[in-house]
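Q: Okay, here's the structure, questions in a sec.
Nothing in this text is a laboratory measurement; each read-out follows from the coordinates by a stated rule. Here the structure is a predicted model, which is why all the values come from computation and not from measurement.
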């Protein structure tokens, strides 16, 4: 493989990855906890868009709310990780990787 061809492939890969990153910024996942009484909305770039807490959860006390928010965040991050893997796999499909 000559250098010119290699540079062209690198440029194509860079463009596909940039497009995938833009796509991820606009995609969202929802992490749920405490039976859906706590919801964390996160983008595919790990930006938190919102946290929703049902007033019923507040009756359980501060530690329950803290635990629910943490669990919902972890659930959202796990879903975002999967989303990122899927989107990036699509972006790099068919591209020879070193």
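Q: What is the helix-to-structure angle for 62-92, meaning the angle in degrees between its Cα long axis and the longest Cα principal axis of the chain, kept from 0 to 90 and rounded to the nearest 10?
A: With rounding to tens, the tilt is 20 degrees.
Q: Nearest 500 deg cm²/dmol is fine: what mean residue ellipticity at 222 nm does the chain get from its DSSP H runs of n ≥ 4 alone, each adding -39,500 (n - 2.57), divided by its residue count?
A: -20500 deg cm²/dmol
Q: Shifting gears a bit: Which residue fluctuates the most in the chain, going by a Gaussian network model with Cα springs under 10 Å, if the choices are 53, 84, 39?
A: For the chain, modelled as a Gaussian network with Cα springs under 10 Å, the answer is 53.
Q: Moving on to the next point. Quick one: helix 3-26 against the long Cα principal axis of the chain, what's the angle to the nearest 10°, folded into 0 to 90?
A: Helix 3-26 sits at roughly 20 degrees to that axis.
Q: Go through (i) 19.0, 67; (ii) 29.1, 69; (iii) 12.4, 36 and flag the label whose value is the computed Rg and Dmax of the Cα atoms in Å for this structure.
A: Label of the calculated value: (i).
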